[in-house]
1. Among Gly44, Gly154, Gly129, which one shows the biggest mean-square fluctuation in a GNM of the chain, springs joining Cα atoms closer than 10 Å?
2. Considering only the other residues whose Cβ falls under 10 Å of the Cβ of Val280, what net charge follows from Lys and Arg at +1 and Asp and Glu at -1?
3. Could you check the spin-label model distance between Asp93 and Asp286? Points 7 Å from the Cα along Cα→Cβ, value in nm.
4. Within region 203-232, find all residues whose amide N lies under 18 Å from a label point positioned 7 Å from the Cα of Gln157 along Cα-to-beta-carbon.
5. Quote the FRET efficiency, to the nearest 0.05, computed for Glu330 versus Asp50 with a Förster distance R0 of 30 Å and r equal to the Cβ-Cβ distance.
6. Give the range of the longest stretch in the chain that excludes all GluC sites (Glu not before Pro) found in loop regions by DSSP and having at most 10 other beta-carbon atoms within 10 Å.
7. Name the residue, out of Pro243, Pro258, Pro273, whose mean-square fluctuation peaks in a Gaussian network model built on the chain with Cα pairs under 10 Å.
8. Nothing charged except the Cβ atoms of Lys and Arg (+1) and of Asp and Glu (-1): what's the magnitude of the dipole of the chain about its Cα centre? Round to the nearest 20 debye.
Amino acid sequence: MKLNSIRKPFAGIALLALLAGCQTTPEALHGTGDLGVIVERATGSLAVVDTSQRQILDQVKGLGDLSHASVKFSRDMRYAFVFGRDGGLSKVDLLTGEITARVMQSGNSIGGAISQDGRLVAVANYEPGGVKIFGSEDLEFVADIPATWIDEKGREQRSKVVGLVDAPGNRFVYSLFDAGEIHLVDMNGEAPELTRFTEVGKNPYDALIDPSGRYYIAGLFGEDGLALLDLWHTDAGIQRILPDYGRGEERLPVYKMPHLEGWAMAGNEAWLPAVGRHEVLIAATDDWSLTERIPVHGQPIFVMSRPDERQIWVSFAHPDNDVVQVIDSETRAIVATLSPGKAVLHMEFTPRGEHVWISARDSDRVTVYDTHTLEEITRLESESPSGIFFTHRAHRIGL
């Protein structure tokens with residue numbers, strides 16, 4: 001018998017033994033559906049969290065200025081795309097805690113979005129004003145879309161971009177703060193196809209897209225009312241809705257403009273924060289008429305619906321930002337006033353809404369509440385926590 005014929009079986013056995021030893025044990029495996037991140041703005045880091053075990057798993061550092069950071073997730077929910085205020089765009093592996101790609105793509109940015117098919121990442125920029133688009137795999141540059149407009153003297157200017165969201169059909173929608181325009185970008189061709197909607201109102205400062213992906217709504221800083229774009233019928237142009245939004249008797253100083261992304265949709269109603277007033281407003285979504293005002297603790301910032309739409313959770317601007325109130329969406333009654341800590345910045349529901357996580361920046365903690373009993377479950381220590389983002393957002397339009 002030849003020596004080679006003896007060696008081959010033993011080599012095969014040795015290889016199988018080696019592979020068996022390298023196999024990942026079941027205990028080491030971890031899904032991504034119950035993961036999330038907490039933005040720690042003071043340290044430029046993310047805390048990776050497990051929402052089932054309600055604990056911090058890892059900390060990812062070196063992400064730059066996260067003072068107004070936002071996070072989006074890949075469709076497999078493994079990767080977090082972090083949009084820093086300093087123009088940094090980072091891709092973070094939630095399972096390994098590693099930054100797998102990072103680019104400094106502008107001098108000042110304000111959020112981003114991921115295309116419907118998950119292939120493209122778009123970033124909204126203040127300076128220079130415009131949108132840049134990258135491949136989600138390795139953040140390879142794809143396109144630069146300057147936010148240009150013509151001022152009253154006929155000069156071309158560049159505008160700050162705000163309210164960038166993804167829309168069905170691999171499109172992105174965003175607003176031009178300085179120009180008073182809304183732009184729609186179709187990314188299905190070889191080059192971006194841009195559609196402009198002009199004279200939408202003065203200084204659109206933020207925007208949202210409804211859960212169906214049909215309606216894009218921009219808030220106006222320079223005047224009352226809102227601008228609505230129906231993405232099913234873009235040829236109809238911009239519709240102005242809620243003309244009295246932002247106006248009212250005994251208007252108070254506005255400490256912070258409310259986030260439109262924090263609107264709550266419950267049934268056929270939209271619950272939204274009043275501007276400069278201690279009220280939550282309710283509007284009928286069939287004709288966008290204002291139907292009700294609910295007095296609350298302070299000037300609302302986020303007005304968020306529990307996933308089953310039975311509760312509305314409200315956070316507030318300074319100096320009342322140490323309180324969160326809970327409203328019963330059926331009875332309109334305030335059923336709880338909670339104290340999660342000093343300088344509450346963000347709230348995030350678990351995917352089915354049994355818990356809500358609330359960050360308190362000046363208390364250096366995140367508090368988790370049971371949304372049924374309204375009792376505190378646990379606290380997680382975190383340095384200057386702000387935004388909280390869970391991976392189920394990967395499969396929701398606009399989030």
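1. Answer for the Gaussian network model of the chain: Gly154.
2. Values: positive: Arg277, Arg293, Arg332; negative: Glu279, Glu292.
Cβ neighbours under 10 Å give a net charge of +1.
3. Computed distance between label sites Asp93 and Asp286 equals 5.3 nm.
4. 203-206, 220-223
5. Working: r = 33 Å, r/R0 = 1.09.
E(calc), rounded to 0.05, equals 0.35.
6. The reported range is 1-139.
7. Its mean-square fluctuation being the largest, the pick is Pro243.
8. On the way: 38 positive and 56 negative charges, 257 e Å.
In debye, rounded to 20, the chain gives about 1240.
Bear in mind these aren't lab numbers, they're just calculated from the coordinates by the rules spelled out. Remember, predicted model here, so these are calculated numbers, not experimental data. With ideal geometry, Cβ positions are generated from the backbone for all residues, glycine too; neighbour counts draw on all protein chains shown.
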